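Participant: Okay, handing you the structure first.
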Amino acid sequence: MGRAVELAARVRSGEVRAADVVEGYLSAIDAREAEVHAFNLVLAEAARERAAAIDAVAASGGDPGPLAGVPVALKDNLCTRGVPTTCSSKILDGWRPPYDATVVERLAAAGAVVVGKTNLDEFAMGSSTENSAFGPTRNPLDVSRVPGGSSGGSAAAVAAGFAEVSLGSDTGGSIRQPAALCGVVGVKPTYGAVSRHGLVAFASSLDQIGPFANDVADAALLLESIAGHDPGDSTSIPEAFPSLDASLTAGVEGVRIGRISDLPAGADADVEARLEAAFEALAAAGAEIVDVEVPAFTYGLTAYYLIAPAEASSNLARYDGVRFGLRVDAADTNAMYTATRSAGFGDEVQRRIMLGTYALSAGYYDAYYGKALKVRRLIADDFARAYERCDVMLTPASPSVAFPFGSKTADPFAMYLCDTYTIPSNLAGHPAMSVPFGSGADDLPVGVQVLAPALGEPVMFQVAAELERRAS
Amino acid sequence: MTWTHEGFEMVVGLEVHVELATNTKLFSASPNRFGDEPNTNIDPVTLGLPGALPVLNRRAVELAMRIGLALGCEIRPCVFARKNYFYPDMPKAYQISQYDQPLNVDGSLTLPDGTVIGVERAHLEEDTGKSTHVGGAGGRIHGSEASLIDFNRAGVPLVEIVSQPDIRSPEQARAYVAELRSILAAIGASDAKMEEGSMRVDANVSVRRPGESFGTRCEIKNLNSVRSVGRAVDYEGRRQVDLISVGEVVRQETRHWDETDGRTHTLRTKEDADDYRYFPEPDLVPLAPSDEWIAEVRASMPPLPSARRACLAEATGQAPDAEAVSTVVDRGQDDYVHAVVAAGGDAARALIAVKEAFADEPASPRVPAEDLAVLTQMEVAGEVTSTQAKTLLAEIVAAGGGDARALAAAKGFEAMDTSELESMVDDAIAAQPDAWVKFCAGEAKAMGAIVGHIMKASKGQADGKAVSAILDARRG
């Protein structure tokens, strides 16, 4: 049973008070937040009020929900009604959304208690949380190192015990990579499984909200709480989300695990060794290991760095100083746009807006954006062929363990390579998750990534649960 | 209806934007309503707030399909696309439109005179907000102190109807817009009020010598009446021919029609045209109307104006492009005329009576069809003069109905016989000898004085038409 699952059960039965649970987590935040900087905003008072309300429901014999009293942290690109939502950008200065994201509504309905909004790379663009306008988040396992990104704050909050679970968003690996670097479980669900309504868009066709948790069971519970059709998101899948209950205890007897023989090289030896150990552990548990080829995997990174910036250049055009957020006044409207956007966006965001604008420009569209869409199709086709022979595939979640601050900031491309193994799932719209599987260099955690076909979450969690059992 | 200027002909294609008559916006639940307090019909989607997502309005799609069907288009699976450009009244800095895969393609519109104008496409898109520039001259942004933005219109559903370059004269351009307006109103797709901006026209105009390939075109914006469309197209055609005639070239540009000076002016040239960077809208899924859905929409379509004109013309013995026929059909009162005929009324008189006296009445006038039928019967039978009939008609319309026979009796109306009229004409000529001489010399206006005299003497009971006939006969 997962820790959050157990905690919620005790709050529902009245055995423990949500107020006491929340107080414990707020104390942990008090003790170490200054060092870790996981949050852009801690919502201590709101959390206390919410916990008291949940206790009142439990005391009166009502059911406060499957996540009753579970402290949760939200990536600060999820809209929260009346509460600043910054995307770790100066451009959203002073903006308070007039509505809650669908996932925030669903968490509230399930009885969760929001303790704060977590730090991220500005607009979720980055792999280290060093691109935040409010300063970096530090890895709680080694504060000289990054927590990964872009959902670094959400990963660090769970790893540091600031929240029992958290939500992040994953456009090219932004949940799975920081989960791996912080030693927690992180899931990117099937595209369309979780509503994007209220998620501030980076690249709409790739973005997906997902959970961070200390264990696989908690990740499953959190995912089940937020998944399911939302008429407010036209790309939301109409069918019911499959139950993950049975997956957690099913084992992997007869499950076919794909090993990608033409996987792009580049992972560190310690990471490679843990991946090898994962294959061995699953084979020992009765799984069948099969070699598969995914030739287009290697082109994922290039295609991604055309498609994601192209969509971002359009999604981020609305930050023009006219209706909300930062405005830097100037002589005329065009000068105001320039002044506002130059002052409001950091370097990485500006770099991607320019890349994306170029990729969509007249005369370049076919060569760049159009070709990237073809690669995207190839990846989906290659995945479909591979999944004729296997049920899931394993890769590293990150090429390396957590790296020191500043080690990749001078070379954007070196930073982009962090997402080599995670990007193809976003391009295909498939689910994938990172599960901690032992340690690598400097005793830092290594995450193994489980990839599955669309709506293959049940088998993905089946394998993840087995890896979790075999890791300890 | 041909236009030529110094041996050149004009080639015109029209792009017409119509706001759809939906209750709510294209991608959100805010009301689609004209004339409300600024910035009251707004929501996160309308304002393009971070995290807001569009959800397609089913009714808007149905109305767009109606337009496609009315224009004989093929309805196809389509994709929404983002058209990216910065402007303060464009909240997301992109417009959700359709680009290379529009909903309706390959249709046509037949003008009342039978000319067929091709329709390339009719696609769905959202409207922008509205900017008002204050503190400067003429409401233009240049030189203004501040701009005020009303987002009520932002996100209102539009269909852009793009014609083929098949139009060859200002008259055809006007007829195309007028006919399109009638169709849109008839099928309930739009109220198509050009004065309120719910129907807006841009014209692409070029000129060439007949048989040559197309010349360089200019796009004219801001055409907000049928009359402006004709005037602007005519002016622009002449301007281009005049340029070519003195050895200059026509530059491809966007021009603004100025209603007050009757000219077009450069708005922007091709060099500073935006690169819209269209790409498929990732927040929406492709739209593929099923055959069942298309059939359902087709079955719900009312008859088109052209069919209704033909039917009314047939019933009343008029030509299909007669003014009375098109006026009555435009008002939607053709069913009423048919009802008067069914009630035993005289068809031709019923048509004229409705055209003349029912302008302020709704499509289904309050006057019972039977009442109008009786009045037309009395006129045919000579029980009242046409002048008396007019008086009775006015009273019946004002009262929302009435028994024409009882009213006529109460007023003492009865038609004068011819011998009585003849003697009144004798008296009138004797009283107005100068007028008679002038009338005989061919001055038609002089007849008015004589007729007026007779009307006065008969206290309005003389039949004006009969009097005119007697006068014409006497003049020889």
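Participant: Grab the beta carbon distance between A:D142 and B:Q101, set R0 = 56 Å, and tell me the FRET efficiency rounded to 0.05.
Facilitator: After rounding to 0.05, the efficiency reads 0.60.
Participant: Just check the protein assembly as shown against the gyration tensor rule for me: Cα atoms, a ≥ b ≥ c as the square roots of the eigenvalues, rounded for a/c under 1.5, and otherwise prolate or oblate depending on whether a/b exceeds b/c.
Facilitator: In terms of gyration-tensor shape, prolate.
Participant: What are the extents of the Cα atoms of the stretch A:152-196 along their three principal axes, listed from largest to smallest and rounded to whole Å?
Facilitator: 30, 17, 14
Participant: Search the structure for amide H atoms under 5 Å from the amide H of B:L223, placed 1.01 Å from N in the peptide plane, and list their residues when 5 or more places away or on another chain.
Facilitator: Residues meeting the amide H criterion: B:V201.
Participant: Right, something else. For the stretch B:426-435, take each phi angle, set θ = phi - 60°, evaluate the Karplus expression 6.51 cos²θ - 1.76 cosθ + 1.60, and give the result in whole Hz per residue in order, putting x for glycine and proline.
Facilitator: 4, 4, 5, 5, 5, 6, 10, x, 4, 4
Participant: Quick one: length gained pulling B:T40 to B:R76 fully straight, 0.36 nm per residue minus the C-alpha distance?
Facilitator: Full-extension gain reported as 9.4 nm.
Participant: Just tell me the longest site-free run in chain A, where the sites are GluC sites (Glu not before Pro) in a DSSP loop having at most 14 other beta-carbon atoms within 10 Å.
Facilitator: Within chain A, the longest run free of exposed GluC sites (Glu not before Pro) spans A:16-238.
Participant: Could you tell me which of B:S228, B:S419, B:N23 has its Cα farthest along the dipole of chain B towards the positive end, charges placed at Cβ (Lys, Arg +1; Asp, Glu -1), taken about the Cα centre?
Facilitator: My answer, from the dipole projection, is B:S228.
Participant: Please compute the modelled spin-label separation between B:E420 and A:I289, points set 7 Å along Cα→Cβ, answer in nm with one decimal.
Facilitator: It is 11.9 nm.
Participant: Which parts of the stretch B:206-231 would a label at B:H265 reach, counting a residue when its backbone N lies under 20 Å from a point 7 Å out along Cα-to-Cβ?
Facilitator: B:218-225, B:228-231, by backbone N distance to the label point.
Participant: Just from its helices, what would the mean residue ellipticity at 222 nm be for chain A, if runs of 4 or more DSSP H residues each count -39500 (n - 2.57) and the sum is divided by every residue, rounded to the nearest 500 deg cm²/dmol?
Facilitator: The helix contribution divided over chain A gives -12000 deg cm²/dmol.
Participant: Can you tell me the dipole magnitude for the stretch A:3-247 around its Cα centre, using point charges on the Cβ only (Lys, Arg +1; Asp, Glu -1), in Debye to the nearest 20?
Facilitator: 240
Participant: Mind sorting B:E195, B:E171, B:E395, B:E125 by how few other Cβ atoms lie within 10 Å of their own Cβ, fewest first?
Facilitator: B:E195, B:E395, B:E171, B:E125
Participant: What share of all Cα pairs of chain B, in percent, falls into each consecutive 10 Å distance bin?
Facilitator: Each 10 Å bin holds this share of Cα pairs: 4, 16, 21, 21, 16, 12, 8, 3, 0.
Participant: At a threshold of 8 angstrom on Cα-Cα distance, excluding pairs fewer than six apart, so keeping six or more, what relative contact order does chain A reach in percent?
Facilitator: Relative contact order of chain A: 17 percent.
Participant: Can you find, among A:T171, B:V134, A:G251, the residue farthest towards the positive end of the dipole of the protein assembly as shown? Put +1 on the C-beta of Lys and Arg, -1 on that of Asp and Glu.
Facilitator: So the residue furthest toward the plus end is B:V134.
Participant: Find the centroid of the Cα atoms in the stretch A:140-161 and in the stretch A:394-457, then give the distance between the two in whole Å.
Facilitator: Value for the Cα centre distance between the two parts: 14 Å.
Participant: Shifting gears a bit: Provide the per-residue ³J(HN,Hα) series for the stretch A:81-87, in order, calculated from phi with Karplus coefficients 6.51, -1.76, 1.60 and θ = phi - 60°, each as a whole number of Hz, with x at glycine and proline positions.
Facilitator: With coefficients 6.51, -1.76 and 1.60, one gets 4, x, 10, x, 10, 9, 6 Hz.
Participant: Okay, moving on. Could you list B:H142, B:H5 in order of exposure, starting from the residue whose Cβ has the fewest other Cβ atoms within 10 Å?
Facilitator: The most exposed by this proxy come first: B:H142, B:H5.
Participant: Amide H to amide H, which residues 5 or more places from B:F279 or on other chains are under 5 Å from it, using H placed in the peptide plane?
Facilitator: B:R82
Participant: Give the residue list of chymotrypsin sites (Phe, Trp or Tyr not before Pro) in the stretch B:159-249 that are DSSP loop and have at most 14 other beta-carbon atoms within 10 angstrom.
Facilitator: B:F214
Participant: Partner chain Cβ atoms within 10 Å, averaged over the residues of A:317-326 - can you pull that number for me?
Facilitator: For peptide A:317-326, the averaged partner shielding equals 6.
Participant: Which shape class, rounded, prolate or oblate, goes with the stretch A:340-389 when its Cα gyration tensor gives a ≥ b ≥ c as root eigenvalues, a/c under 1.5 marks rounded, and past that a/b bigger than b/c marks prolate?
Facilitator: In terms of gyration-tensor shape, oblate.
Participant: How high is the relative contact order of chain B, in percent, counting Cα pairs under 8 Å that sit 6 or more residues apart?
Facilitator: In percent, rounded to a whole number, it is 14.
Participant: Sticking with this structure for a sec: Dividing the alpha-carbon radius of gyration of the stretch B:305-411 by 2.2 N^0.38 Å (N being the number of residues), what value is obtained?
Facilitator: 1.00
Participant: Still on this structure, please answer the following. What FRET efficiency comes out for B:A394 versus B:T110 if R0 is 45 angstrom and r is the Cβ-Cβ distance? Round to the nearest 0.05.
Facilitator: The value I calculate is 0.75.
Participant: Can you put B:H265, A:H430 in order, fewest other beta carbons within 10 Å first?
Facilitator: B:H265, A:H430
Participant: Hey, if you put +1 on the Cβ of every Lys and Arg and -1 on every Asp and Glu Cβ in chain A, which of A:G61, A:Y368, A:A386 ends up farthest toward the positive end of that dipole?
Facilitator: A:Y368
Participant: Between B:W293 and B:A406, what is the FRET efficiency for a Förster distance of 41 Å, r being their Cβ-Cβ separation, to the nearest 0.05?
Facilitator: Efficiency computed from Cβ-Cβ geometry: 0.15.
Participant: To continue, here is another question. Using the alpha carbon gyration tensor of chain A, what are the three equivalent-ellipsoid semi-axes (square root of 5 times each eigenvalue), largest first, in whole Å?
Facilitator: Semi-axes from the Cα gyration tensor: 30, 30, 20 Å.
Participant: What is the dipole size for the protein assembly as shown, taken about its Cα centre, with +1 at each Lys and Arg Cβ and -1 at each Asp and Glu Cβ, in debye to the nearest 20?
Facilitator: Here the size comes out at about 980 debye.
Participant: OK, next. Using the Cα gyration tensor of the stretch B:64-126, with a ≥ b ≥ c the square roots of its eigenvalues, what is the shape: rounded (a/c below 1.5), prolate (a/b larger than b/c) or oblate (neither)?
Facilitator: Prolate is the answer for the stretch B:64-126, as a/c is 1.5 or above and a/b outweighs b/c.
Participant: Separate question: List, in the order given, every pair from B:K355/B:K411; A:K75/A:K408; A:K374/B:K270; B:K25/B:K193; B:K193/B:K270; A:K90/B:K130 whose Cα-Cα distance in the structure shown is over 20 Å.
Facilitator: In this structure, B:K355/B:K411; A:K75/A:K408; A:K374/B:K270; B:K193/B:K270; A:K90/B:K130 lie more than 20 Å apart at Cα.
Participant: While we're on this one: For the stretch B:418-475, with only Lys/Arg (+1) and Asp/Glu (-1) charged at the beta-carbon, what is the dipole magnitude about the Cα centre, in debye rounded to 20?
Facilitator: 200
Participant: Averaged across orientations, what area in nm² does the convex hull of the alpha carbons in the stretch B:152-252 project?
Facilitator: 7.5
Bear in mind that the values in this text are calculations on the coordinates, not laboratory data. All of these numbers come straight from a predicted model, not from anything done at the bench. FYI the Cβ positions are ideal-geometry reconstructions off the backbone, even for glycines, and counts take in every protein chain you see.
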